[in-house]
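To start, the structure itself, in structure tokens.
The values are calculated or read from the model by the stated rules, or taken from the named source; none is laboratory data. Here the structure is a predicted model, which means the values were calculated and not measured. No Cβ is skipped: glycine too gets one built from the backbone with ideal geometry, and neighbour counts run over all protein chains shown. Just so you know, the surface numbers come from the protein's heavy atoms only, side chains and all, with ligands and any DNA or RNA stripped out. Shrake-Rupley method; radii C 1.70, N 1.55, O 1.52, S 1.80 Å.
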Amino acid sequence: MPRLVMKFGGTSVADLDRIRNAARKVKREVEKGYEVAVVVSAMAGKTNELVGLVRKAAATEGEGESSFYDAREYDAVVASGEQVTAGLMSIVLQEMGVPARSWQGWQVPILTNASHGAARIEEIRTEALERKFAEGLHAVVAGFQGLGPDGRITTLGRGGSDTSAVALAAALGAERCDIYTDVDGVYTTDPRITKKARKLERIAYEEMLELASLGAKVLQTRSVELAMRYKVRLQVLSSFSDEPGTLVCDEEEIMESRAVSGIAYVRDEAKLTLISVADRPGVAAAIFGPLAEAGVNVDMIVQNISEEGRTDMTFSCSVDDVPKAMKALQEARAKGAINYRDLVADTEVSKVSVVGIGMRSHAGVAARMFKALADEGVNIKVITTSEIKVSVLVDRKYMELAVQALHDAFDLDKPADRLEG
Ligand code: ADP
Ligand code: ASP
Ligand code: MG
């Protein structure tokens, strides 16, 4: 029998009515003759609530929240949200006459590496699940979670249920992996930022990968990587309508041609500057080594021109990582491993990026981007580019304005030219 993976995100399973609505979609596919593996997220808001509890538990009493906690216990807590939804979905399916059984990550098992809080799936052993398929039982798998080499629960990073779904689709040889969410597809930018955002019929794996890694929440980056590697037919669609969604596919299957396909943003970025560090070999390693060890995900890096053998080093990371970054750098300075005059954190910046495989053949994208921002009076703090994207850091209060201005500047509200032939 052909197989299908159907993933439902938090808003799609926010309460029992929505779980029933999702279950009706599952039933429809079961009736078409598919063996279905449903992957579920925690109910909307649940994971945030659990993360908040962990942060409060880790703080000294009366001191709010702390970002220094035991990652194994974080996983033990936050994985629980998906466990609840998997059980509820299974009960609702049974009630609708669809034989189903819930599976937690360890029961499948979905085996991961040891990186608690941001684990990577290494192997999915599908034999037990397939035996149940053969008995006529559809599967409801808790997303976001796996089993680490230490025998403990791991989680796959925020948004990780997308990755559970794609990995399972690859392991089961599923015909498709359908990601049901609260929007009816992948748009030219987050439809919450501008009403002019336009749904894309298709998007290339590579563009989707870039958009996701630059902040478009609609798919977790790792899920797109896996879909691209294992050629999973990945579709994003709404759990609240029957509109056709967006197909993530090979570049060759795209019929449109444009320089920029989409705009992504990360709202809560921070910019840290080490003022007056020595400009000699080994300094960058001495700075970024301790940051990596502390688990800080460094994004952009800029080194200023040096004067009299000293320079400023600026980098960006997520606002959440700032306490860890500050601590790592202050400790390295106390040990004498690095020497800076001052450490300045600007936690009020956002990153805005334009993305498109068309940039390989269209010149002038960066210039057009900078002009559009200048016309709105938005100052650019840091710039980075790669083959198919240009990213800038701007003050957070201008983030939405920047996205809207760029969406207009690249005519993303209008359909693109069709390719010939
Ligand atoms: P789920 O809970 O279903 O996993 P997410 O909140 O993780 O849903 O992702 C869906 C959200 O992603 C949308 O509500 C939308 O605001 C946001 N989003 C960001 N960029 C895009 C984009 N380019 N296209 C569609 N949605 C986007
Ligand atoms: N519930 C997890 C999160 O909110 C995983 C997911 O929904 O994909 O990050
Ligand atoms: Mg998500």
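Could you tell me what percent of the accessible area of region 273-362 is made up of carbon and sulfur, with a 1.4 Å probe and every protein chain present? All intermediate terms of the calculation are to be shown ahead of the outcome.
On the way: 2170 of 4550 Å².
On region 273-362, the fraction of accessible area on carbon and sulfur atoms equals 48 percent.
Classify region 97-197 as rounded, prolate or oblate, taking a ≥ b ≥ c as the square roots of the eigenvalues of its Cα gyration tensor: rounded when a/c is under 1.5, otherwise prolate if a/b is larger than b/c and oblate if not.
Values: a/c = 2.54, a/b = 1.37, b/c = 1.86.
Oblate shape, in that a/c is at least 1.5 and b/c is the bigger or equal ratio.
Database remark: amide H of Ser102 closer than 5 angstrom to the amide H of Val140 (H placed geometrically; neighbours at sequence offset of 5 or more, or on other chains; Pro and chain starts carry no H). Across region 225-234, coupling constants 3J(HN,Hα) worked out from phi with the 6.51/-1.76/1.60 Karplus curve, θ = phi - 60°, read 4, 5, 4, 5, 5, 9, 6, 7, 6, 10 Hz, and Gly and Pro carry x. Loop-located trypsin sites (Lys or Arg not before Pro) in region 289-370 (DSSP state not H, G, I, E or B) with no more than 14 neighbouring Cβ atoms inside 10 Å: Lys335, Arg341. As I understand it, the dipole of region 227-275 uses +1 on the Cβ of Lys and Arg and -1 on the Cβ of Asp and Glu, about the Cα centre. Which of Met228, Ser241, Met255 lies farthest toward its positive end? The residue sitting most towards the positive pole is Met228. If R0 equals 35 Å, the separation of the Cβ atoms of Ala285 and Ile380 corresponds to a calculated FRET efficiency of about 0.80.
Under 5 Å from the amide H of Arg310 lie the amide H atoms of Asp279, each residue being 5 or more positions distant or on a separate chain, with H modelled from the backbone and absent for Pro and chain starts. Summed over the residues of region 210-320 and divided among them, the accessible surface reaches 46 Å² per residue at a probe radius of 1.4 Å. Placing +1 on the Cβ of every Lys and Arg and -1 on the Cβ of every Asp and Glu, with no other charges, gives region 1-108 a dipole of roughly 700 debye about its Cα centre. Ordering Ala14, Val298, Ser276 by the projection of their Cα atoms onto the charge dipole of the chain, which places +1 on the Cβ of Lys and Arg and -1 on the Cβ of Asp and Glu, puts Ala14 at the extreme positive end.
The GNM of the chain, with springs linking C-alpha atoms under 10 angstrom apart, assigns the highest mean-square fluctuation among Leu219, Leu373, Leu274 to Leu274.
Hey, what did the chain get for relative contact order, percent, Cα under 8 Å, at least 6 apart?
Working: 919 pairs, mean separation 57.2, N = 421.
Result for the chain is 14 percent.
Using only the Cα atoms of region 139-271, each taken as one equal point scatterer with no solvent, compute I(q) by the Debye sum, divide by I(0), and report log10 of the ratio at q = 0.17 Å⁻¹. Normalising to I(0) and taking log10 leaves -0.93.
Can you give the translational diffusion coefficient of region 314-359 in µm²/s, computed by Stokes-Einstein from the Kirkwood radius over Cα pairs at 4 °C and 1.567 mPa s?
Numbers: Rh = 13.0 Å.
For the chosen part, D equals 100 µm²/s.
Dipole check for region 42-168: with +1 at the C-beta of Lys and Arg, -1 at the C-beta of Asp and Glu, and the Cα centre as origin, the magnitude is about 200 Debye. The 3J(HN,Hα) values that the Karplus relation (6.51, -1.76, 1.60; θ = phi - 60°) gives for region 348-357 are, in residue order, 10, 10, 9, 10, 10, 10, 9, 10, x, 5 Hz. Gly and Pro appear as x. The convex hull defined by the C-alpha atoms of the chain has an orientation-averaged projected area of 23.0 nm². The apolar share of the surface of region 152-209, taken as the fraction of accessible area on carbon and sulfur atoms (1.4 Å probe, ligands and nucleic acids excluded), comes to 44 percent.
Remark: region 271-287, residue by residue, has Karplus-estimated 3J(HN,Hα) of 10, 10, 10, 8, 8, 6, 9, 5, 9, 8, x, x, 6, 4, 4, 5, 7 Hz, where x stands for each Gly or Pro and the curve is 6.51 cos²θ - 1.76 cosθ + 1.60 at θ = phi - 60°.
Counting only protein heavy atoms and a probe of 1.4 Å, the accessible surface of region 33-88 is 51% carbon and sulfur.
What longest region of the chain stays clear of GluC sites (Glu not before Pro) that DSSP places outside H, G, I, E and B and that have at most 11 other Cβ atoms within 10 Å?
Values: sites that count: Glu61, Glu63, Glu135, Glu308, Glu387, Glu420.
Excluding the exposed sites themselves, the longest stretch runs over 136-307.
The mean of 1/r over all pairs of different alpha-carbon atoms in region 27-129, once inverted, gives a Kirkwood hydrodynamic radius of 15.9 Å. As a calculated quantity, the FRET efficiency between Met326 and Lys195 at R0 = 35 Å, using C-beta atoms, amounts to about 0.35.
Ellipsoid fit via the Cα gyration tensor, region 336-421: semi-axes of 31, 17, 10 Å, each the root of five times an eigenvalue, largest first.
Between Asp250 and Glu308, what FRET efficiency comes out of the Förster formula 1/(1 + (r/R0)^6) with R0 = 60 Å and r the beta carbon distance, rounded to 0.05? Numbers along the way, then the final one.
Numbers: r = 53 Å, r/R0 = 0.88.
With R0 = 60 Å, the Cβ-Cβ based efficiency is 0.70.
Put a plus charge on the Cβ of each Lys and Arg, a minus charge on the Cβ of each Asp and Glu, and nothing anywhere else: the dipole of the chain about its Cα centre is then about 400 debye.
Only helices enter this figure: runs of n ≥ 4 DSSP H residues, each worth -39500 (n - 2.57), summed and divided by the residues of the chain, yield -10000 deg cm²/dmol at 222 nm to the nearest 500.
Quick one: which of Lys25/Lys56; Lys46/Lys381; Lys217/Lys381 span more than 28 angstrom between C-alpha atoms?
Values: Lys25/Lys56 38 Å; Lys46/Lys381 35 Å; Lys217/Lys381 24 Å.
Result: Lys25/Lys56; Lys46/Lys381 exceed 28 Å.
Placing unit charges on the Cβ atoms of the charged side chains and taking the dipole of region 94-246 about its Cα centre, the candidate lying farthest along the positive direction among Val218, Ala142, Ala170 is Val218.
Close amide H contacts of Gly262 (hydrogens built in the peptide plane, cut-off under 5 Å, sequence separation of 5 or more or a different chain): Val355.
Using the empirical formula 2.2 N^0.38 Å as the baseline, the Cα radius of gyration of region 233-280 reaches a ratio of 2.13.
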